[in-house]
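Everything on this sheet refers to the single structure shown next.
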Amino acid sequence: MQRHYRKDHHCIWLCDYRLVLPTKYRRKIFNEGLFVYLKRKLLDIPEHYPQIFFKEINHDQDHIHVLVSIPPQMTVGSVVRLIKTNTSRKLKEQFPFLKQVYWGTDGIWSEGCFVLTVGVDEATIRRYIEAQGNEDAGQTGLAV
């Protein structure tokens, strides 16, 4: 798998996260039409937050899976909150039946979520750190 590092003015990063966001009460609200609209709304988020990059988005009937790249300056919690807030409001506006499913509440998302970091495995990182100064000595290896 090829890694695509992201760059900012003073930082290079690869901070990918797998998010699983369940619906409130695990209600099975997602069908293909609703999901297509949700996916469009998720892909609108980087227009306002260009540092956030959605790599993969999919769903089941009662939750969504998202693979997202988040810059180190942002917390995962703030991005989850941003996703839930923006999509919940827009989905309720576009699909009125959600107002009956979730009457008496503003949101459609459960309070919790599942987060998993994605990246290089620990063994690879350990080997890289242990090998520092041992592998390619470059021109300094020629000095006597």
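FYI, it's all coordinate maths here, none of it is from the lab. Keep in mind that what you see is a predicted model, and the values were worked out from it rather than measured. Don't worry about glycine lacking a Cβ; one is built from the backbone with ideal geometry, like all the others, and counts go over all protein chains shown.
Structure notes:
- Our coupling estimate for segment 62-67, obtained by passing each phi through the Karplus curve with A = 6.51, B = -1.76, C = 1.60 and θ = phi - 60°, is 10, 6, 10, 10, 9, 10 Hz, Gly and Pro reported as x.
- Paired Rg and Dmax values of the chain, which use every Cα atom, in angstrom: 20.4, 79
- Neighbour count of at most 11 Cβ within 10 Å plus DSSP loop: longest chymotrypsin sites (Phe, Trp or Tyr not before Pro)-free window in the chain: 6-102
- Net charge of Cβ neighbours under 12 Å - reference W109; Lys, Arg +1; Asp, Glu -1: +4
- The H on the amide N of K55, modeled in the peptide plane, is under 5 Å from the matching H of L67, V68, S69, each at least 5 residues off or on a different chain.
- Our coupling estimate for segment 99-115, obtained by passing each phi through the Karplus curve with A = 6.51, B = -1.76, C = 1.60 and θ = phi - 60°, is 5, 7, 5, 10, 5, x, 9, 7, x, 10, 9, 5, 5, x, 7, 10, 10 Hz, Gly and Pro reported as x.
- With R₀ fixed at 22 Å, the C-beta to C-beta distance from H10 to T75 puts the FRET efficiency at about 0.75.
- Applying a DSSP loop filter and a limit of 15 other Cβ atoms within 10 Å to the GluC sites (Glu not before Pro) in segment 73-140 leaves E111, E135.
- Rel. contact order, % - alpha carbon contacts under 8 angstrom, at least six apart, segment 13-129: 41
- Taken about its Cα centre, the chain carries a charge dipole of about 740 debye when Lys and Arg each add +1 at the Cβ and Asp and Glu each add -1 at the Cβ.
- Counting lysine pairs in the chain whose alpha carbons fall under 13 angstrom apart, excluding pairs fewer than 8 residues apart on the same chain, gives 10.
- Net charge of the neighbourhood of F53, taken over other residues with C-beta under 10 Å away and scored Lys/Arg +1, Asp/Glu -1, is +1.
- Considering only V120, P22, Q132, the residue lying farthest towards the positive end of the dipole of the chain is P22, judged by Cα position with unit charges set on Cβ.
- Loop-located trypsin sites (Lys or Arg not before Pro) in segment 36-144 whose Cβ has at most 13 other Cβ within 10 Å (DSSP): none
- Order of L38, L116 - criterion: other Cβ atoms within 10 Å of each residue's Cβ, fewest first: L116, L38
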